[in-house]
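The next block holds one structure in the form of C-alpha cells; read it before the comments.
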Amino acid sequence: MSFPAASPSAALTSVWARLQADPHDTEARQIWRGLRESGAPESAACFQAFDAQAYAALTRAASAGAGLDHELRQLAEAQVVQCHALTKEGVEVGEPVVLALAADELLRALLTRDFCTNLSLELYLTRVRTWLLARFQPARSVTGDFRPLVVALALQGFNNEYVLPVSADEERALAGVLAALADALTAGDLPTAESALLLAAMYQPCGAMPASELIGERTWADDVESLINRTLREPLEERGLAAGLPTLGDVVDPVARSVRAQYEANPYPRWLSFRRSPRGTRERLLKLRPDLSEFTAPGQILVAGCGTGKHSTSVALGDPQAEVLAVDLSFASLGYAVRMTKAYGAANVRHLQGDLRDLPKLGRQFDHIECSGVLHHIKDHAAAWGVLDQCLRPGGTARISVYSRVARLLVSHVRTAIVREGLGNRPEEVRRFRARLLTEPGWQSLLPLLVRMNDFFTLSMTRDLLFHVQEHQYSVEEIERITTGLGWELLAVDLPSRLRAALRADHPCKSATITTFAQWRQAEPAYVGCMIMFDFWLRKRGG
C-alpha cells in the first residue's frame, strides 16, 4: 500500500484527519494497514504514547458505529491505557480514576461493542469491577456518573463470557446482590431491583439470574433494556431459532459428542460484528493467484463447520449469487449464526445441524468448500478429508484452515501442563487456570505470546485454544500426503503479512505466494511459535 503523502508521519496525520471527518473512510483504513504492514515506526509509536488526534478519530469511528478493524481496535485500547496512565505502577483504583473512565466515550464504545484484547486494560478493569461492586452492593442506587461504566462493564462481561477472575470476597458480595435482586423483584421494588441487576450483570448474564422470567417481563430504563436484550432476550431467541433447524441425524461418535457438548456450552467463535466488506471467493483466490483468471464464482458453496456464523455470513455476503449451506455440530452455535446472518441480511445461507462425516447423506456436490478450524477437532480427521472429497465436484475448489504443529508449540506446552494436572474444561476451571497464567511466575515468559492472540480474551476462545477435548496438529508433509492421495492440487497458501515479512527476511522461500508443496515445506520453519493456522487453497482434479 503506497502512502498518499510525503512521509509515513504525514500519512498518519492524514488517516486521523480523514477518520475524524468520515468514520467510514475505507481508504484511510487501508492507509493505516499499509503503514502497519510496512513496519513504519510512526505507526508503532501510536501504541506507546497518547496521541490526541488519534484518540479523537478512534472515538468518532467507534462511537459512530463504523466499527474498528482488529489493529485499529488494538490501537484504541492502547490509547485508552496511555490516556489514563494505566500501565504505571501503583495506579490505585479510586473515585477520580473510575469517574474518568466512566466519562471516556472511546472506552465505553470498546467495552460495549467488542471484547477487550489489551491485558493492561483488562487487569485494571478487573479491579474497577471489584471496586464498583464493593461501593454499591448489595443494591445501592447505581446512578449518576458511575452508571455508564457499570453498564459498559456488564456488556463487556457478556462479550467476554465472564472470563475475568472472581475472588471469594466478590462471590460473597455477589450472593448478597442476587438475593437483594430476587427480593426486590418479588416485592415489585423496581428501583432496587434495577441497581442490583446492574451490579450482578457485571458477573453473569441476566438469563442466569434468579427470577429471570420476571426480568424479561418488566419495563426498565433504556440502558437496562439494552442490557437485558443482549444478555437474556437474544439468547432466548437463538434457542428458538436453533430448535427449528433441520438436522443430519443423531451424532453417534463419542468424541464428536464431546466436541458438540463443548460448543453447546460455549458457542465458538465469539463475535459481535465484522467491519470489512467481504470479498467474494473468486476475488480472494485471484488475489493470491492472479493467473487463475479462468476461475468463475461458485454457485454452490459448503461451509463445513460454520460455528457461530461469522465465516459463513462473510462468505454469503461476498458471494450473493451463490447458495451457501452452513453446517455445524452445535445447536447453540447455529442459533447464534442464524440470528447474526439475519442481522447482516445474508439471505442466501441455509443452516443445517450435523456431523461433517454425515454430509454424504445429502447426496450432492459443491463448487467450493470452506472448512476453517474444523478438521483438527475430528478424531478420524483423515476420514473427514475423504468426506470433503465426496462433497466437492471435480474441478471444484476448497479453502482449508488447520492447526500447524510447529506454530502451536506454545499451546502444546500449556495443554501438556493442563493434562498433567488433571484439569477439566468446565468454565470455572478454565477461568481459574487462565488467572494462574496471568499471575504465576512460571508462566510469565510465555504470557506475552499468549496475549497476542484474540483467543485468550474470552471464555469460549480460551477453552477452545487450551482445553479442547480433541486436537490434531498438522505438518505440511501430512497435508501433502492426504491431499495428493485424494487427487487434489495445491493452488496457494495464504500467509498473513507478518509471516510474509519473516519469510523474506529469514527463510529460503522468498516468493510472496506459495503455490507448491516444495515451497511450503521450505517455508514451514517460519511458522514456529507464531500460533497461526495453515490457511490454503486446493482444487480437485478433473472436471
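The values are calculated or read from the model by the stated rules, or taken from the named source; none is laboratory data. The model shown is predicted, which means the values in this text are computed figures rather than measured ones. Positions of Cβ are generated from backbone atoms using ideal geometry, with glycine treated the same way; all protein chains shown enter the neighbour counts.
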Review point. Is it the case that the stretch 149-163 has a residue that's free of Cβ contacts under 8 Å to residues at least 12 places away in the same chain, in a helix (DSSP H, G or I) and under 20 Å from ARG434 (Cα atoms)?
Key: no
Review point. Do we find a residue being under 17 Å from SER273 (Cβ atoms), of a type outside the set (Phe, Trp, Tyr), assigned to a loop (DSSP other than H, G, I, E, B) and out of contact with any strand residue (DSSP E or B) (no Cβ under 6 Å at 6 or more places or on another chain) anywhere in the stretch 79-101?
Key: no
**Study point:** helices (runs of 4 or more DSSP H) lying entirely in the stretch 168-256 (those with 3 or more residues that are over 28 Å from the mean Cα position of the chain (by Cα) and surrounded by fewer than 17 Cβ atoms within 10 Å (Cβ to Cβ))
**Key:** 168-187, 212-217
Review point. Within the stretch 395-478, which helices (runs of 4 or more DSSP H) (wholly inside it) include 2 or more residues that are of a type in the set (Val, Ile, Thr) and exposed (fewer than 15 other Cβ atoms within 10 Å of the Cβ)?
Key: 409-420
Practice item. With the condition kept exactly as written, say whether any residue in the stretch 32-46 is part of a helix (DSSP H, G or I), among the polar types (S, T, N, Q) and within 27 Å of ALA154 (Cβ to Cβ). Key: no
Practice item. Say whether the condition of being modelled with pLDDT under 95, under 15 Å from the mean Cα position of the chain (by Cα) and of a type in the set (Val, Ile, Thr) is met by at least one residue in the stretch 464-483. Key: no
Check your understanding: Of ARG60, ARG18, which residue is among the charged types (D, E, K, R), under 24 Å from the mean Cα position of the chain (by Cα) and either modelled with pLDDT of 90 or more or buried (at least 18 other Cβ atoms within 10 Å of the Cβ) (or both)?
Key -> ARG60
**Study point:** Members of the stretch 367-388 that are among the acidic types (Asp, Glu) and surrounded by fewer than 18 Cβ atoms within 10 Å (Cβ to Cβ)
**Key:** ASP380
Check your understanding: Given the conditions (1) under 27 Å from the mean Cα position of the chain (by Cα); (2) modelled with pLDDT of 90 or more; (3) β-branched (Val, Ile, Thr), which single one is not true for THR513?
Key -> (2)
Point to revise | Sole residue being in a loop (DSSP other than H, G, I, E, B) and crowded, with 22+ Cβ neighbours inside 10 Å, chosen from TYR263, TYR336, TYR268 | key: TYR268
Exercise for review: Kindly indicate the residue of the stretch 524-543 that is more than 27 Å from the chain's Cα centre (by Cα) and not basic (Lys, Arg) and also nearest to LEU490 (Cα to Cα) among those meeting that condition.
Suggested key: GLY542
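Every residue, every condition in (1) surrounded by fewer than 19 Cβ atoms within 10 Å (Cβ to Cβ); (2) among the aliphatic types (A, V, I, L, M); (3) not in a helix (DSSP H, G or I), yes or no:
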position: ALA109; (1), (2), (3): no, yes, no
position: PHE115; (1), (2), (3): no, no, yes
position: LEU121; (1), (2), (3): no, yes, no
position: TYR124; (1), (2), (3): no, no, no
position: TRP131; (1), (2), (3): yes, no, no
position: ALA134; (1), (2), (3): yes, yes, no
position: SER141; (1), (2), (3): yes, no, yes
